[in-house]
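Everything on this sheet refers to the single structure shown next.
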């Protein structure tokens, strides 16, 4: 698994590539916590390049979302296909916002439509 973090004016984009399981979820949680410690409250978690996620992984993401919210932040998740279906089946999409694109997730933070943050975002 690879984690890439891109810092922007209105949000931090965390993109994950590869399988996401046990130890990887711990590393992802540490990355999200580090961003919050450094003052980045609006997080976009891009899971488009994650082929599969089990129920335990989805539960861990719900826990991470809870930590972000406890720290007065917000986290949008970008997911499609099987991972989006898993979130919907679990009802996790009622807890956090699942978006189809990074642009959609960013716009939900209220970034201006013409901002460089939106123009430079991955699709």
Residues 1, 75 arranged by fewest to most Cβ contacts within 10 Å: 1, 75
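Run the numbers for residue 101 and residue 63: contour at 0.36 nm per residue of separation, minus the present Cα-Cα distance, in nm. Present the calculation step by step, with values, prior to reporting the outcome.
Working: separation 38, 0.36 × 38 = 13.68 nm, distance 2.22 nm.
Value of the extension gain: 11.5 nm.
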May I ask for the angle, rounded to the nearest 10°, between helix 22-37 and the longest principal axis of the chain, with both axes built from Cα atoms and the value confined to 0 to 90°? 30
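Among 103, 83, rank each residue by its count of other Cβ atoms within 10 Å, from fewest to most, as a rough exposure measure.
On the way: 103 17, 83 22.
Lowest count first: 103, 83.
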If you restrict to DSSP beta bridges whose two residues both lie in the chain, what percentage is antiparallel, to the nearest 5? 35
Consider the candidate values (1) 16.3; (2) 14.2; (3) 15.2; state which one is Kirkwood radius over Cα pairs in Å computed from the structure displayed. (2)
Helix 55-70: inclination vs the chain longest Cα principal axis, degrees, rounded to 10, gives 40
Could you work out how far helix 81-90 tilts from the main Cα principal axis of the chain, as a 0 to 90 degree angle to the nearest 10? 70
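As a test of the formula, what do you get for the chain when each DSSP H run with n ≥ 4 contributes -39,500 (n - 2.57) and the sum is divided by the residue count, at 222 nm and rounded to the nearest 500 deg cm²/dmol? Write down the numbers at each step before the final one.
On the way: 5 runs with 52 residues, N = 123.
Mean residue ellipticity, 222 nm, calculated: -12500 deg cm²/dmol.
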Normalised by the number of residues in region 2-119, what is the relative contact order in percent for Cα pairs under 8 Å and 6+ residues apart? 25
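We did not get these values from a lab; they are worked out from the coordinates using the rules stated. Since this is a predicted model, take the numbers as computed values, not measurements. Note that each Cβ is placed from the backbone with ideal geometry, even for glycine, and that neighbours are counted across all protein chains shown.
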